[in-house]
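The block underneath contains the structure these notes are about, expressed in structure tokens.
The values are calculated or read from the model by the stated rules, or taken from the named source; none is laboratory data. Here the structure is a predicted model, which means the values were calculated and not measured. A quick note on method: Cβ atoms are made from the backbone with ideal geometry, for glycine too, and the neighbour counts reach across all protein chains shown. SASA here: full protein model, heavy atoms, side chains in, ligands and nucleic acids out. Shrake-Rupley method; radii C 1.70, N 1.55, O 1.52, S 1.80 Å.
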Amino acid sequence: MIEINNLSFHYKNNVGIFDNISAALSAGHIYGLLGLNGVGKTTFLKLICGLLFPKTGTVETNGFMPSKREVTFLSDVYFVTDEVDLPPWTISNFLDTYSPLYRKFDQSYFDSILAAFQVDRREKIKSLSYGQRKKVNIAFALATNTSLLLMDEPTNGLDIPSKTQFRKLMARHISSEKTVIISTHQIRDIHNLIDHLLILQEQRLVLDESLYELSRKIKFQPGTYPNALYSEAGLNGNNNILPNTDDEASSFDIELFFNAISRQPDLLKKFTNINFQNHE
Amino acid sequence: MNKHVSGIRLVIALKELWISNRILVYSFPLIILFCFAIYYLWPGGIFYEKWFNPKAFSTKEAWSKALLATYTTQRVFILFIIPIYLVICTKPLLDRLNKSERTNLTPITRLERTLGLTLFVIGITCLGVACFTLYDHVIVAWFNKLYYEEAIRYLEAQGDLYPNISRQTVLFPIQINILGIAFMMILLLLPLYFLSLVFFRKNSVILFLGLLVIIMITLAFFLRWLFAHETSHISIPIQGVFPLTLTILLLASYWYLAMATFYHKLKEKEI
């Protein structure tokens, strides 16, 4: 469980990143963290795991204050960063050195993931490509079985088969005790995994809503709809966001939805009229 | 606050340093030996001349005279390879502590990291000093076997009834107190270096060297002023159990305070 209360943060140049954000993220979900470049997605993840400290407000993760970086807390958190930062050793050395630090580490799970990614654990990490190093990091992250897993652009650098493998692994990985937060621009790679959206915009968390709740309020349909909340020209005509007044099921197009929020910031107010939750 | 030190995590902290630097550590004794070779075979030195230019010392007396007149205590400066080696070994870890998300989220407490780093550098320093001492004694023993008798005969031929060879020549090893001073100087500099790496995010080594120069200049001015203005006849003994114990306590306190600052700085570090 992650409790964020009145969080504000800025870097040394006093340029504000977050202004009075509050949220409660619970276990058993894969959160998709979206936002434009520079809005603070990575900063948000760093505040949750304690790499950065709130200027005002509090962050509490699994009952711990992340900024204290207590070892009990750290052994139950793993952060897969966009830049792969692994030591230049063999994968076996890396595994043997660091796996004892995570009490729930599953070595056979690690080996099976590595095999699925087609990476040999006898290889030296420094001789691997960026994508292969990413696979090693993801394999290690999943094998730690931490209750909080943070991922920043996890599919960056993965080849197409590996992205498919990644989706399968993540779908099997999540459980009622685990929280996964994935920050990404490549939403198409993981849109079927996410069940809860977090959207950052202009120093605020403008959206914190499950896809289920969103799907009850809006639907996505191609065609021409003059009363659409939002329309975007696609390859096969317009793609539209419409109010879901008739409780119709439709495939939730996260990318279209995010574009709508980004291009028309006042759209959330329109959503409010259909009893939509936000954090403004 | 994590005050409890786990043996497993401490071993892992040391293992990190060991795996990253094992080739450097294995080659360290060879590097010191190489430094000795460079010292003794430096062009222009008596050994260089003897082995590469035999005509320079055509008689045994000429060689003995040169041997007794050449002071070689400067070979103690070979020990400066130790801090250079320590910088090479520890800078990658200290850079990661400044910048790496993975390193700072690894479940190892800052106390264990600080202890691991301390043990590692003390270990390397002891290894360096031990290798230096061993090589110095072996080389001196070898030179004594080759040249000691000749040197004594030369001095007796000069009319010296009680020949006394200077301890500063190559026929005597570096004195233990000089080694001790060099060892302490290295240990004194290390905490300052660690603090520089965590306080100065950019150009840390250059700023550390700059800080060192400032400290040395300040110390030199202070000592010069002190000796220029000394009027007291009180002398402070530097030998004996009490002053030695006091020196060790002061050193230990300095180390503790510096590494405690290092530990707290790690705690406050945002990545």
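PRE reach from A:Lys270 (point 7 Å along Cα→Cβ): which of segment A:207-233 fall under 16 Å by backbone N?
Residues A:217-233 qualify, since their backbone N sits under 16 Å from the label point.
Could you tell me the largest-minus-smallest coordinate of the C-alpha atoms of segment B:7-202 on each of the three principal axes, in descending order and whole angstroms?
If we take the Cα atoms of segment B:7-202, the spans are 73, 32, 29 Å.
Determine the gain in length on full extension of the stretch B:Leu24-B:Lys267; use 0.36 nm per residue of separation and subtract their C-alpha separation, reporting nm with one decimal.
The B:Leu24-B:Lys267 span can extend by a further 84.5 nm.
Could you give the length gained on full extension between B:Leu249 and B:Ile31, defined as 0.36 nm per residue of separation minus the Cα-Cα distance, in nm?
75.2 nm
Quick one: how many Å² of A:Asp19 are accessible to a 1.4 Å probe, rounded to 10?
The accessible area comes out at roughly 60 Å².
If you count the DSSP beta bridges with both ends in segment A:2-202, what percent of them are antiparallel, to the nearest 5?
40
Keeping all protein chains in the complex and leaving out DNA, RNA and ligands, what accessible area do you get for A:Lys41 with a 1.4 Å probe, in Å² to the nearest 10?
My reading of the accessible area for A:Lys41 is about 20 Å².
Using only the alpha-carbon atoms, how far is helix A:254-263 inclined from the longest principal axis of chain A? Give it as 0 to 90 degrees, nearest 10.
The angle comes out near 60 degrees.
Starting from the alpha-carbon convex hull of segment A:116-267, give the projected area averaged over all orientations, in nm².
11.3
To the nearest whole number, what is the average tally of beta carbon atoms from other chains within 10 Å of the beta carbons of peptide A:46-54?
3
Please list, ordered by chain and number, the residues whose modelled amide H lies under 5 Å from the amide H of A:Gln201; skip anything fewer than 5 residues away on the same chain.
Long-range HN contacts for A:Gln201: A:Val206.
If exposed trypsin sites (Lys or Arg not before Pro) are those in a DSSP loop with at most 14 other Cβ within 10 Å, what is the longest stretch of chain B that has none?
B:4-166
Ordering A:Leu142, B:Leu209 from largest to smallest accessible area (1.4 angstrom probe), what's the sequence?
The most accessible residue leads, giving B:Leu209, A:Leu142.
Under a 1.4 angstrom probe, counting protein chains only, how are A:Met1, A:Met151, B:Met184 ranked by accessible area, largest first?
Sorted descending by solvent-accessible area, the residues read A:Met1, B:Met184, A:Met151.
Using the beta-carbon distance between A:Thr58 and B:Val5 and R0 = 30 Å, what value does 1/(1 + (r/R0)^6) give for FRET efficiency, to the nearest 0.05?
With R0 = 30 Å, the Cβ-Cβ based efficiency is 0.55.
Express the accessible area of segment A:23-64 per residue in Å², computed with a 1.4 Å probe while the remaining protein chains stay in the model.
32
Could you tell me what % of all Cα pairs in segment A:210-273 have separations over 20 Å?
Looking at segment A:210-273, the distances longer than 20 Å represent 17 percent of pairs.
Using a 1.4 angstrom probe on heavy atoms only, work out the carbon and sulfur share of the accessible area of the protein assembly as shown in %.
Carbon with sulfur: 60 percent of the solvent-accessible area.
With all protein chains present, calculate the accessible area of B:Leu207 using a 1.4 Å probe and round the result to the nearest 10 Å².
For B:Leu207, the solvent-accessible surface is approximately 80 Å².
Net charge near B:Ile8: determine it from the other residues with C-beta under 12 Å of the C-beta of B:Ile8, scoring Lys and Arg +1 and Asp and Glu -1.
Neighbour charge sum, excluding B:Ile8 itself: +2.
Expressed as an acute angle from 0 to 90° and rounded to the nearest 10, what is the orientation of the C-alpha long axis of helix B:7-40 relative to the principal long axis of chain B?
Relative to chain B, helix B:7-40 is tipped by roughly 20 degrees.
Please identify, among A:Gln221, A:Gln264, A:Gln203, the residue showing maximal mean-square fluctuation in a Gaussian network model of chain A using a 10 angstrom Cα cutoff.
A:Gln264
Using a 10 angstrom cutoff on alpha carbons, build the Gaussian network for chain A and name the most mobile of A:Pro66, A:Pro161, A:Pro54.
A:Pro161
Name all residues of segment B:2-45 having a backbone nitrogen under 18 Å from the label point set 7 Å from the Cα of A:Lys126 along its Cα→Cβ direction, giving them as ranges.
The answer is B:15-28, whose backbone nitrogens lie closer than 18 Å to the label point.
Which translational diffusion coefficient, to the nearest whole µm²/s, is obtained for the protein assembly as shown from the Stokes-Einstein equation, given a Kirkwood hydrodynamic radius over C-alpha pairs, 10 °C and 1.306 mPa s?
The estimated diffusion coefficient comes to 55 µm²/s.
Averaged over B:96-104, how many beta carbons belonging to a partner chain fall within 10 Å of each residue's beta carbon?
So the per-residue partner count for this stretch is 5.
Between B:Val138, B:Val25, B:Val87, find the one with the highest GNM mean-square fluctuation for chain B; connect C-alpha pairs within less than 10 Å.
Sorting by GNM fluctuation, first place goes to B:Val138.
State the number of lysine pairs found in segment B:7-202 whose Cα atoms come within less than 16 Å, restricting to pairs 8 or more positions apart or on distinct chains.
Going through segment B:7-202 pair by pair, I get 8.
Quick one: length gained pulling B:Leu219 to B:Lys99 fully straight, 0.36 nm per residue minus the C-alpha distance?
Contour length minus the Cα-Cα distance gives 39.8 nm.
With r as the distance between the Cβ atoms of B:Tyr162 and B:Trp142 and R0 = 35 Å, compute the FRET efficiency 1/(1 + (r/R0)^6) and round to 0.05.
For B:Trp142 and B:Tyr162, the calculated efficiency is 0.85.
Under a point spin-label approximation (7 Å from Cα along Cα-to-Cβ), what is the A:Asp247-A:Glu213 distance to one decimal in nm?
Between A:Asp247 and A:Glu213, the simple spin-label model gives 1.9 nm.
Given just the C-alpha atoms of chain A, how large is their convex hull per residue in cubic angstrom?
Looking at chain A, the number lands at 140 Å³ per residue.
If you rank B:His264, A:His29, A:His196 by how much accessible surface each has, with a 1.4 Å probe, what is the order from largest down?
B:His264, A:His29, A:His196
How large is the helix-only mean residue ellipticity at 222 nm for chain B, computed as the sum of -39500 (n - 2.57) over DSSP H runs with n ≥ 4, divided by its residue count, in deg cm²/dmol to the nearest 500?
Result for chain B: -26000 deg cm²/dmol, rounded to the nearest 500.
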